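Q: A single structure is presented below for examination.
The values are calculated or read from the model by the stated rules, or taken from the named source; none is laboratory data. As the structure is a computational prediction, the values presented were derived from the model and not from experiment. Please note: Cβ atoms are built from the backbone with ideal geometry, for glycine as well, and neighbour counts cover all protein chains shown. Accessible surface areas use protein heavy atoms only, side chains included; no ligands, DNA or RNA. Shrake-Rupley method; radii C 1.70, N 1.55, O 1.52, S 1.80 Å.
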Amino acid sequence: TPNFDALAKSGRLYTRFYANGQRSIQGTAAILASQPTLPGMPFIGEGLEQNRLSFMGDLARAQGYQTYFLQSSEQGSLRLDAIATRAGFGTYKGSEEIPNLHEQPKPTAPWGTWEHNTFQEAHRLFAASAQPFLGFVFTSSTHAPWMIPDARFQKFKGPTPKDTFLNSLVYADWALGQLIDAAKKAGYFENTIFVLVADH
């Protein structure tokens, strides 16, 4: 992961920062509302969002920020389309609205669209933002079934699940590097805080 490693060296890396829960939706609640999933409590999409919570998007919009929520999966996946609106995000995009930039489109049935597509659509929105922005970008390539768009990302040749996962990580790292390079060229990199977290 050369791109992630470079960011870790030039930024701040927390090595004891643990993800909340065991499902993406639980991690999403922790990130969007600082609400851990506690035993016996509902999570976002199952009723938690109907409570009075301080959502990241609402807080940002109150401070004059443009808010964007993009996810690589289909729009309705994990009910994130409704959750994004409830959490104060003015623009929401799922895989159906994100252009494909790879020769081979990702099979939509499992996990929507490729990481690079999602990152570059986020970049397009960020670069065009006329005011400060908050972007939440939720990707899916490093999730089973760990697909990659072409053979150049197949660094690990074995057939094991570990090998296919590591190849998806090689791809995700490349896509992240493409986003950072684009942000630097567009001029918003220096005024933007990038926070990379695992959802679970």
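Q: Say we look at region 112-142 and pick out the residues that are outside any loop (DSSP other than H, G, I, E, B) and without any contact (Cβ under 8 Å) to a residue 40 or more places away in the chain; which of these is most open to solvent (accessible area, probe 1.4 Å)?
A: This residue is 124.
Q: Here is a follow-up. Of all residues in region 143-171 being among the charged types (D, E, K, R) and open to solvent by 60 Å² or more (accessible area, probe 1.4 Å), which is nearest to residue 120 (Cα to Cα)?
A: 152
Q: Let me ask something else about it. Of the residues that sit in region 11-52 and are at pLDDT below 75 and among the charged types (D, E, K, R), which one is surrounded by the most Cβ atoms within 10 Å (Cβ to Cβ)?
A: 49
Q: Looking at this structure, is residue 162 modelled with pLDDT of 95 or more, farther than 30 Å from residue 63 by Cβ and outside any helix (DSSP H, G or I)?
A: Answer is no for this residue.
Q: Still on this structure: Which of the numbered conditions does residue 174 fail, given that it passes all the others? Conditions: (1) within 21 Å of residue 28 (Cα to Cα); (2) touching a residue at least 60 places away in the same chain (Cβ under 8 Å); (3) open to solvent by 50 Å² or more (accessible area, probe 1.4 Å).
A: (1)
Q: Let me ask something additional. Could you check region 22-41 and list, in sequence order, the residues that are touching a residue at least 24 places away in the same chain (Cβ under 8 Å) and either among the aliphatic types (A, V, I, L, M) or within 30 Å of residue 155 (Cβ to Cβ) (or both)?
A: The answer is 22, 23, 24, 25, 27, 28, 31, 32, 33.
Q: Shifting gears a bit: Residue 88: closer than 26 Å to residue 185 by Cβ, surrounded by fewer than 21 Cβ atoms within 10 Å (Cβ to Cβ) and either touching a strand residue (DSSP E or B) at 6+ places or on another chain (Cβ under 6 Å) or at pLDDT below 95 (or both), yes or no?
A: Against the criterion (closer than 26 Å to residue 185 by Cβ, surrounded by fewer than 21 Cβ atoms within 10 Å (Cβ to Cβ) and either touching a strand residue (DSSP E or B) at 6+ places or on another chain (Cβ under 6 Å) or at pLDDT below 95 (or both)), residue 88 does not qualify.
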